[in-house]
Each structure stands twice: as C-alpha cells, then as structure tokens.
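Visitor: The structure's right below; bear with me while I get my questions together.
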C-alpha cells in the first residue's frame, strides 16, 4: 500500500491516500465543499456544476476539487473571496430557470441544490433580475417506479454517467442544445419505451427532485440486511416506519454490491408488508395448518426423509435448490442429498 500524503486544507493538516480526489478527502474530514455533479469513484469526473472550486497554493486560478488529485504538501483554501463569488454566480445561473416550487417537491429538505444555495448565500435580493421563464416540460410518469420532471433538472449529468458507468446501459443522454438542452432517451420517447432497466441508480444520485419515487414515505429508522432476491448477497438498508418496510437503499460498504442494486432489490419490497406473507413455519395437524417453531418444522422434515429412505430407498428422494441461496448454501444442499445416497438434485434456475 502506498504511503499516505499530507496536505493542508484551511490550515488543517490532513493525511490522505495518494491518488484520491481532493473533494472526497475534504468531505471525509468534515470540510464542506459545495458540489452537485460529483460521484465518488467515478472514472471521469465531469466538473459540470462548477461549484467545487478551491484555491491551491502555487496555481494562478481556482480549480475544481472533484478533478484534482491530492499531492504531498498541497495547501488548499476552500472559501476565499474569489471562490465564494464564482460559486454564487454559478448557483444563480442554475436557479435562473429552475422550478421554484420547493414546498411540494419530494426532495424538499433533502435537496443538494437547496443545501448548496444556502451555503453560498443565495437570497431574494441577489436573485432579483436573474430569474427567467421556464421551458415547458412534461412530467414523464411512464416508469412504474419513479417519475422524471425535467423542470427540476439542473443538467449535472449524474444520471447519465450513473447509467453508463455503473449499470452499463446508457439509456439516457443530453439532447438538444443551448436553452433547450435536456436529459432524454433516444427519440425523446417515454422512459418506459427506452432500454432503461429501472435499476434506480440515477434516482439515488439525482441531487434535486428531477427524479423521484412514485410513492415515497420517509423511514423513521433503518435496519441493515441482505437482499433475498438472488444469491449475490447485496447489502441493503431497509427503511422502517412503524411495522412496515417503506424503502430500500444499497449498503455502500458491502463488498458484494458497494451500494448498487437492481430493480428488484431497490423497488420490489412490497411483498414484505403483505398480510398473506408467511412469517412462521406451518405444520398440518388434523387437516389444518398450525404454527410451529423452526425446530419442530425441520425436525418433522428430517423424520419424513429418514422414514422414506429406510422404507423405499434413497433413490425416491430428490431435492430442488434455489437461486436465492448463495453458492455455498447450494453446494451444501447438494452435498446433503448425495450423502443420503441420491443424485436426484436439481436447481430452480435450470427449470
């Protein structure tokens, strides 16, 4: 492992891994630098929002922190007079034709644009004369999981890069030019008619309310868990409110997925709250199913298997495993049946 470098940010000495971008080093050390378009660990930072400007000793102009790699002895100032002026102007330009209806926006209170605007000091006085009329935008509600409202889009390009670099689909891109520029699919069709896979990676990273869930309920707490849809073992956080699961987000520290999720893992959680969902093993007694403990249920299965094996022979036994199990669990499953003398083992993914 390469030796860490030492840099100075606002007179504070900081150790940083070599090759890391300055923006993430500052944020990891609780030094806020406003930004809207940056994605951590992306291949090609775009610096589209032009808000993460900082001054570095020895350079003749401000530079973007999301593209600058830390170097030994680097001295950085994040909030000089020139940097603050440039940031304010850039935020004003973003807000010039932005949808002003913040109160009913799904991201109100959790919006990166609000956060940045408050930090740089946007107020009614310095926005006077800058506001422009909005381009007429139609909300795309074709996707079954989330809406797309381009009137709240700031053209940061996060959704485009997430679709290309994270999911490898490239379903969306910039369309048109100048004041008419927007994020669109090929032919400006509804999202549902494109090759979008509804994974929601763009939704998770959108800094404004341009992309928002059809039904969004804020959780009161989160519980760490593992997605049960397949054997990959993606780490997730289940958002819980009362007795219901109301949201799912990826666990960025889980090495199986690093926070990324597919459409099932992100949006397919309604079954958890279904009243008919079985949450306790059932054993049929006197023609009726009765609740039992796992020990009772597994004990009954073992008893039936042993009885059949002794009376009919091992070849009458067979097992079908599941794609929702891990590779290790499937290996143990087939090993169990082969140890009982049968090769009648199959898997639901093959059927």
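The values are calculated or read from the model by the stated rules, or taken from the named source; none is laboratory data. This is a predicted model, so every value here is computed, not measured. Glycine also receives a Cβ, built like all others from the backbone with ideal geometry; neighbour counts cover every protein chain displayed.
Visitor: In region 165-181, how many residues are surrounded by 17 or more Cβ atoms within 10 Å (Cβ to Cβ) and at pLDDT 90 or above? Before the answer, list the steps.
Guide: Start the filter on region 165-181 by keeping residues that are surrounded by 17 or more Cβ atoms within 10 Å (Cβ to Cβ), which leaves 166-167, 171-172.
Then keep just the ones that are at pLDDT 90 or above; that gives 171-172.
Residues that pass the stated criteria total 2.
Visitor: Quick check: anything in region 300-321 closer than 18 Å to residue 228 by Cβ and touching a strand residue (DSSP E or B) at 6+ places or on another chain (Cβ under 8 Å)?
Guide: Looking for residues that are closer than 18 Å to residue 228 by Cβ and touching a strand residue (DSSP E or B) at 6+ places or on another chain (Cβ under 8 Å), one finds at least one in region 300-321, hence yes.
Visitor: Is one or more of the residues making up region 4-17 under 24 Å from residue 155 (Cα atoms) and surrounded by fewer than 18 Cβ atoms within 10 Å (Cβ to Cβ)?
Guide: Checked region 4-17: no residue is under 24 Å from residue 155 (Cα atoms) and surrounded by fewer than 18 Cβ atoms within 10 Å (Cβ to Cβ).
Visitor: Being touching a residue at least 60 places away in the same chain (Cβ under 8 Å), assigned to a helix (DSSP H, G or I), out of contact with any helix residue (DSSP H, G or I) (no Cβ under 6 Å at 6 or more places or on another chain) and not assigned by TED's automatic domain parsing to the domain that holds residue 42 narrows it down to one residue among 115, 164, 125; which is it?
Guide: From the options 115, 164, 125, the qualifying one is 115.
Visitor: Considering only region 259-273, I want to know if a residue exists there that is touching a helix residue (DSSP H, G or I) at 6+ places or on another chain (Cβ under 9 Å) and either without any contact (Cβ under 8 Å) to a residue 60 or more places away in the chain or on the phi > 0 side of the Ramachandran plot (or both).
Guide: Yes: region 259-273 contains one or more residues that are touching a helix residue (DSSP H, G or I) at 6+ places or on another chain (Cβ under 9 Å) and either without any contact (Cβ under 8 Å) to a residue 60 or more places away in the chain or on the phi > 0 side of the Ramachandran plot (or both).
Visitor: Quick one: would you say residue 82 is loosely packed, with under 13 Cβ neighbours inside 10 Å and not in a loop (DSSP other than H, G, I, E, B)? Walk me through it before giving the result.
Guide: Values: loosely packed, with under 13 Cβ neighbours inside 10 Å: yes; not in a loop (DSSP other than H, G, I, E, B): yes.
It is true that residue 82 is loosely packed, with under 13 Cβ neighbours inside 10 Å and not in a loop (DSSP other than H, G, I, E, B).
Visitor: Can you tell me which residue within region 192-204, out of those that are in a helix (DSSP H, G or I) and buried (at least 21 other Cβ atoms within 10 Å of the Cβ), is nearest to the chain's Cα centre (by Cα)?
Guide: 201
Visitor: Follow-up question, since we're still on this one. Among the candidates 54, 76, which residue alone is in contact with a strand residue (DSSP E or B) (Cβ under 6 Å, 6 or more places away or on another chain), touching a residue at least 60 places away in the same chain (Cβ under 8 Å) and surrounded by 17 or more Cβ atoms within 10 Å (Cβ to Cβ)?
Guide: Values: 54 fails: touching a residue at least 60 places away in the same chain (Cβ under 8 Å).
The match here is 76.
Visitor: Then there is this: Restricting attention to region 51-61, does a residue exist that is within 30 Å of residue 257 (Cα to Cα) and out of contact with any helix residue (DSSP H, G or I) (no Cβ under 6 Å at 6 or more places or on another chain)?
Guide: Pass one, region 51-61, residues within 30 Å of residue 257 (Cα to Cα): 51-52.
Now drop any that are not out of contact with any helix residue (DSSP H, G or I) (no Cβ under 6 Å at 6 or more places or on another chain), which leaves none.
No: zero hits.
Visitor: Here's a follow-up. From the list 323, 349, 297, 302, pick out the single residue that is over 25 Å from residue 144 (Cα atoms) and in contact (Cβ under 8 Å) with a residue 60 or more places away in the chain.
Guide: Working: 349 fails: in contact (Cβ under 8 Å) with a residue 60 or more places away in the chain; 297 fails: in contact (Cβ under 8 Å) with a residue 60 or more places away in the chain; 302 fails: in contact (Cβ under 8 Å) with a residue 60 or more places away in the chain.
Answer to the selection: 323.
Visitor: Another question, then. How do the strands (runs of 3 or more DSSP E) wholly within region 283-351 filter down when requiring 1 or more residues that are surrounded by 14 or more Cβ atoms within 10 Å (Cβ to Cβ): which remain?
Guide: Numbers: elements: 288-291, 319-321, 345-347.
Where strands (runs of 3 or more DSSP E) fall fully within region 283-351 and carry at least 1 residues being surrounded by 14 or more Cβ atoms within 10 Å (Cβ to Cβ), they are 319-321, 345-347.
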